[in-house]
Structures are given as C-alpha cells and as structure tokens.
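Student: Questions regarding the structure given below will be posed in turn.
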Ligand code: CA
C-alpha cells in the first residue's frame, strides 16, 4: 500500500501505539494520524486528506458507530474499519448500517489488519465469516417479517429482487432456481447481474449491501 493516510481513533493509548508501530514497521509508506476521541478525529479529517479510519467503538465522547455515521455522511468516500474489543451481533449490524467498510476484533493479527486495510482501500468490504453470518441472520429475520420488497435507488428488476432476497436468506443457486422455477443458468445470469448492479464481489457482500441499503 502506498502513501495511504490512516487515522486511528482509539482512546486506549497502548492500542494506538501498537497499531501505529505495526503500520510503521510493515508499511513505511503509510502516514498515521491518531485521535483519542471522536471530536479530535473529526478535526483531523477536516484538515488532512485521510484515506482510511480505524475506529474503536467505545470512545469517551460519542461512540464509534455514531462517529462512523457522521464521517460517512460528510465524507462518503472515506473508508472506515471498525476495530472492536468484541463482536456483539447488535454492534456489528449497527456498524454496517452506519456505513463501515470492515469490522474486525482487536485480537486480529497486525498482518491481517494490514491486509484488510489494503482490500478496503481498493474498494472491497471485509467482514470475517462469523460476522457475515450475523448479517445473513439479520436478513433472514427481516425477510420473515416483511414480505413486501421495497423500492430503492439501485435499479433492480422484480426477478433480481426476488433472487437477492433469497441470497440474503442463504439459499444456493440450485435452491433459488427451484424456488423460482427457473433454470440454474437463468439463476446464474440473475446473480451475476445483481452482483454487477450492486458493485460487489460475492453473495455475502451482496447480502450485506442488501441489509445496509435496505434493498429488501
Ligand atoms: Ca475504547
């Protein structure tokens, strides 16, 4: 990764130091900024052209979810990686809805975190498989309460919306084909077109986006 500007928003000094050291050792081209609360983070974002924010959830002023929401409202192109001490399902879902591009826990290795920074900076979303499962669960619950499919700004056909809903409920292509009484090839065409329209790489990301943007 070259010349990325990374802002670490974290009230715990030792964690900030560990993160800064890891980036400086392994990615000497990155420039690290530090803030011990959300407000200081906002001040830095106003002044510096930050690419990626590594955001703690438990901060002394406003929590990391709210800070993420405000950052994304003001600077939609900036990427936020939540770095949390836990993976409570509720916080994961809230973070995704606030616009976080990744969610990881503090027991992650520095190498893995640097990998995630790289993927997020190139435009991908990253959620570990356990977290992706929470998202799928939330989608399934939502789906069972609501049979109507909402209108949204991404222009999906009625069939694509049906397919997307089934993807978020965890169905495979074969199962989707059976449920909708269409061929497996037609199903694959719909899935490809969906991924393209949503701008995502795979069905997990499609499910995450479907929840986040309330497409279903
Ligand atoms: Ca904290």
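Here, each number is a calculation from the coordinates, and none is a lab measurement. The model shown is predicted, which means the values in this text are computed figures rather than measured ones. As a convention, Cβ positions derive from the backbone with ideal geometry for all residues, glycine included, and neighbour counts pool all protein chains shown.
Student: Run the helix sum for the chain: -39,500 (n - 2.57) per DSSP H stretch of 4+ residues, divided by residue count, reported at 222 nm to the nearest 500 deg cm²/dmol. Don't jump to the answer; show the numbers that get you there.
Tutor: On the way: 10 runs with 118 residues, N = 216.
Rounded to the nearest 500, the figure is -17000 deg cm²/dmol.
Student: A further question follows. Tell me, in nm to one decimal, what length is gained between residue 24 and residue 159 on full extension, where the rule is 0.36 nm per residue of separation less the Cα-Cα distance?
Tutor: On the way: separation 135, 0.36 × 135 = 48.60 nm, distance 4.88 nm.
In short, 43.7 nm is gained.
Student: Would you look at the GNM of the chain, springs on alpha carbons closer than 10 Å, and say which of 108, 44, 81 moves the most?
Tutor: In this elastic network of the chain, the residue with the biggest mean-square fluctuation among 108, 44, 81 is 108.
Student: Taking only C-alpha pairs under 8 Å that are 6+ residues apart, what is the relative contact order of the chain in percent? Can you show the working numbers first?
Tutor: Numbers: 315 pairs, mean separation 32.5, N = 216.
Over the chain, the number comes to 15 percent.
Student: Connecting C-alpha atoms closer than 10 Å in a GNM of the chain, tell me which of 92, 135, 200 has the biggest fluctuation.
Tutor: The residue that fluctuates most here is 200.
Student: Residue separation times 0.36 nm, minus the C-alpha to C-alpha distance between residue 106 and residue 185: what's the value?
Tutor: On the way: separation 79, 0.36 × 79 = 28.44 nm, distance 4.21 nm.
Length gained between residue 106 and residue 185: 24.2 nm.
Student: On a 0 to 90 degree scale, rounded to 10, what angle separates helix 184-198 from the longest Cα axis of the chain?
Tutor: Here the helix axis deviates by roughly 30 degrees.
Student: Over all distinct alpha-carbon pairs, what is the Kirkwood Rh of the chain in angstrom?
Tutor: Numbers: mean 1/r = 0.0548 Å⁻¹.
Taking the inverse mean of 1/r over all distinct Cα pairs, the chain comes out at 18.2 Å.
Student: Continuing with the same structure: Counting only C-alpha contacts under 8 Å and six or more residues apart, can you give the relative contact order of the range 5-127 as a whole percent? Present the calculation step by step, with values, prior to reporting the outcome.
Tutor: On the way: 197 pairs, mean separation 26.9, N = 123.
Taking the mean separation of contacting Cα pairs over the length of the range 5-127, I get 22 percent.
Student: What distance in nm separates the two pseudo spin-label positions at residue 196 and residue 13, each 7 Å out from Cα along the beta-carbon direction?
Tutor: So the two model labels end up 5.5 nm from each other.
Student: Could I have the simple spin-label model distance between residue 77 and residue 47, label points 7 Å from Cα toward Cβ, reported in nm to one decimal?
Tutor: A separation of 2.2 nm, rounded to one decimal place.
Student: Compute the acute angle (0 to 90°) between the alpha-carbon long axis of helix 38-47 and the principal axis of greatest extent of the alpha-carbon atoms of the chain; round to the nearest 10°.
Tutor: Rounded to the nearest ten degrees, it is 90.
Student: Rounded to the nearest 10 degrees, what's the angle between the helix 203-212 long axis and the longest principal axis of the chain, both from Cα atoms, 0 to 90?
Tutor: With both axes taken from Cα atoms, the answer is about 80 degrees.
Student: With springs only between Cα atoms under 10 Å apart, run a GNM on the chain and tell me which of 45, 164, 180 wobbles the most.
Tutor: Evaluated over the chain, the most mobile residue of the options is 180.
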